[in-house]
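We did not get these values from a lab; they are worked out from the coordinates using the rules stated. This structure is a prediction, so every number in the text was calculated from the model and none was measured. Here the Cβ positions follow ideal geometry from the backbone for every residue, glycine too, while neighbour counts run over all protein chains shown.
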Amino acid sequence: MSKSTRVTEKGQTTIPKELREKYDLEPGDEVVWMDTEEGIVVKKRTRTSGRGMLLPDDTSEEEREAVAEELEQRVRERRDRNYEEA
């Protein structure tokens, strides 16, 4: 599928409805803009993808979820400790 949209003076553009529906993009969702040799690639950012973590590309979704949950728990514990100390 190929669609075109215009970029406004503020640098904004609209993602065509068909693509928003196909990729389940809803208001408030974040997208990542990546500069590649092929041009610009836009991907939906998801919480379960191990965002911000250095994991091999072939890491399974299940492993990514486990790492994300462990990291979230560690951050929560550290935050709670910091509040107790204050």
Note to self: Modelling each spin label as a point 7 Å along the Cα-to-Cβ direction, I'd like the residue 63/residue 37 distance in nm, to one decimal.
What the structure shows: 2.6
Margin query: Rounding to the nearest 10 and keeping the result within 0 to 90°, find how far the Cα-based axis of helix 61-85 lies from the longest principal axis of the chain.
Written below: 50
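Looking only at trypsin sites (Lys or Arg not before Pro) in DSSP loops with at most 14 other Cβ atoms within 10 Å, what is the longest site-free stretch of the chain? List each step's numbers first, then the result.
On the way: sites that count: 3, 6, 10, 45, 51.
So the longest stretch without any such site is 52-86.
How big is the charge dipole of the chain about its Cα centre, in debye rounded to the nearest 20, if each Lys and Arg gets +1 on its Cβ and each Asp and Glu gets -1 on its Cβ? Walk me through the numbers on the way to the answer.
On the way: 17 positive and 23 negative charges, 113 e Å.
It comes to approximately 540 debye.
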Checklist line | Helix-only CD estimate at 222 nm, as mean residue ellipticity for the chain, using -39500 (n - 2.57) per DSSP H run (n ≥ 4) | finding: -12000 deg cm²/dmol
Check: Which residues in the range 62-86 have a backbone N closer than 16 Å to a point placed 7 Å from the Cα of residue 46 along the Cα-to-Cβ line?
Finding: 62-69
Next item on the list: Would you work out if the chain is rounded, prolate or oblate? Take a ≥ b ≥ c from the square roots of the eigenvalues of the alpha-carbon gyration tensor; rounded if a/c is under 1.5, else prolate when a/b is larger than b/c, oblate otherwise.
Entry: prolate
Check: Once you sort the root eigenvalues of the Cα gyration tensor of the range 6-47 as a ≥ b ≥ c, which label holds: rounded (a/c under 1.5), prolate (a/b larger than b/c) or oblate (the other case)?
Finding: oblate
